[in-house]
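Okay, so here's the structure we're looking at.
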Amino acid sequence: MNDFYKKKHDVYSSYLIELFARSDYSDAKDPITTNHYETFAGDIKDNSFIQIKCNADEKSIKKIRYRVIGCPYLMASLEWLCENLEDKYIDDIEKFTLIDLMEILKIPSEKRSIILLLEDAVNDIRLQLIKKTT
Amino acid sequence: MNGSNKTSKIYMDGAATMPTDPDVIESMIACLNNKELFANPSSVHISGRDAMQKIEKARDQISKLINANKEDLIFTSGATESNNIAIIGSAKFRADHGQHLITMTTEHKAVSGPFDYLEKEGFEVTRLRPSSDGLLDIKKLKKAIREDTQLVSIMHINNEIGAIQNISEIASICNDQDVLFHCDAAQSVGKISLDLKELPIDLLSISAHKFYGPQGIGALFIREAHKVKLLPITHGGEQEMWVRPGTLPLHQIIGFGVAAKLAMTRMREDQLLMKDLSGYFFEKIRVLPDIFLNGPNKSRYPGIINIRAPRVNGESLLLLLEPLCVAQGSACNSKNSEPSLVLRELGLNDHEIQSSVRFSFTRNTTRDDVDFAVEKYISAVNQLRKNYPSNINE
């Protein structure tokens, strides 16, 4: 089959646009300034790069924020991720899955790398938090 | 006026397509409503002859716009088809003159596509790279022409950056060397003056919807069409000198003719408007630090402005700019997530290409629209930059 027909045309879902426009968890809007955990993922040269910062106590993530350069899918995904990780118990992060995000935000298959990028970031934050609590 | 209060769409994507002029629409509707004109223009009965008369009137109007003989103009479905017929049709017909062809790396896909095809068919293609401002160094062209070169194809105004190539000099060089010169003038016809009795251009592609005519109709100028032969690339009828068979779409051609007539009367006014809007745009936008113009400062069509803002993702920028309708590169390439080839040829990296946006004005654009666009652009760029990752080594 011709590549053109395989490629899904980008159409943003209304939920994606809502998350993109809201950006409640953006570090620019409500920054984390005190001691925090931090991770970076992606490649700035690819125009797809994220920074996630969070405050946590021994049990859970208290506040989580992001900085980003990337497409609307990446920006909305980060907003969704932070909304779902804030107040989460550290022990539960391992079970946290991003597998449904493709469907939730209607992310086209050619943008699948967004999920991998977020998984890397979440995993790194989780390891930092575990290290701190043990 | 506070531009940010606007909620209706503001159209600044004229390089992709211009809004159809109301006079053009009126002429097309009148044609479709006129039962006396309902006929295939190729039919020999009285209705067919009446329809053909209208076709010839439109052909005359379009040929006057470029000061060409109307016998040298054939109708096509648009510039893409014109480019295909001109490039493939002439290269194949003149294959015995030589198998070497020359074009530029910054051409529209409607030109680069036919060259890619011909290359697979055994032709040799030289693709000249522009200078960092998008303009062709004429010395490169002179050096590239060989004894077996039979065709050069270079666009007039670049659709992404507005660079205006010196087609007068290019045409003269080709003419002196007995090489055919084709020019994709989709972005220039109707906007800047073209005199084909003066310019030694052999083949010129025209698109109606780029100058307020209807979509789906265009033309190809073939100098001394009866002498410069082209092999048709479609077959099945004798219309348009056998070069482009198929029923002529009367209402579209009538609209095309009206658009050409309007362009002649409004060209100076349109040019002054584009110059004014462009100057106003730059005056307003300079408060935003760290932005750059892609393409040349001089020899640029003022109705197309391509700017880049480092530390910003263009796709997110476009979404934040809504309801402003602007573009990232060519509309004909927008389903392809590959970065713009034109901007890459200027030496920009992926990040710089991604952070670029094209504004292109129409004759309906106002200073108020520019106020809105600039205000929106500055706010969006600032918002995205504010949330750019911090403490990173770039």
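The values are calculated or read from the model by the stated rules, or taken from the named source; none is laboratory data. Note that this is a predicted model, so its numbers are computed, not measured. Please note: Cβ atoms are built from the backbone with ideal geometry, for glycine as well, and neighbour counts cover all protein chains shown. In case anyone asks, the SASA skips ligands and DNA or RNA and just uses the protein heavy atoms, side chains included. Shrake-Rupley method; radii C 1.70, N 1.55, O 1.52, S 1.80 Å.
Of the residues B:G246, B:G213, the single one that is without any contact (Cβ under 8 Å) to a residue 24 or more places away in the chain, assigned to a loop (DSSP other than H, G, I, E, B) and open to solvent by less than 30 Å² (accessible area, probe 1.4 Å) is B:G246.
State whether the residues of segment B:82-102 include one that is closer than 24 Å to B:I192 by Cα, touching a Gly at 6+ places or on another chain (Cβ under 6 Å) and in contact (Cβ under 8 Å) with a residue 12 or more places away in the chain. The answer is yes, given that some residue of segment B:82-102 is closer than 24 Å to B:I192 by Cα, touching a Gly at 6+ places or on another chain (Cβ under 6 Å) and in contact (Cβ under 8 Å) with a residue 12 or more places away in the chain.
Within the bounds of segment B:49-67, is there any residue that is of a type in the set (G, A, S), open to solvent by 10 Å² or more (accessible area, probe 1.4 Å), in the same structural domain as B:A185 (by TED's automatic domain parsing) and in a helix (DSSP H, G or I)? Within segment B:49-67, none of the residues are of a type in the set (G, A, S), open to solvent by 10 Å² or more (accessible area, probe 1.4 Å), in the same structural domain as B:A185 (by TED's automatic domain parsing) and in a helix (DSSP H, G or I). All conditions but one from (1) within 14 Å of chain B (Cβ to nearest Cβ); (2) in contact with a helix residue (DSSP H, G or I) (Cβ under 8 Å, 6 or more places away or on another chain) apply to A:I130; the one that does not is (1). Scanning segment B:141-195 for residues being of a type in the set (S, T, N, Q), closer than 22 Å to B:S131 by Cα and outside any helix (DSSP H, G or I) gives a total of 7. Any residue that is over 18 Å from the mean Cα position of the chain (by Cα), of a type in the set (A, V, I, L, M), within 12 Å of chain A (Cβ to nearest Cβ) and within 28 Å of B:L136 (Cα to Cα) - is there at least one of those in segment B:300-313? Yes, that holds for at least one residue. Note on segment B:87-107: residues that are part of a helix (DSSP H, G or I) and of a type in the set (A, V, I, L, M) amount to 4. Counting only helices (runs of 4 or more DSSP H) that sit wholly inside segment A:1-115, those with at least 3 residues that are surrounded by 14 or more Cβ atoms within 10 Å (Cβ to Cβ) and within 12 Å of chain B (Cβ to nearest Cβ) are A:14-22, A:72-85.
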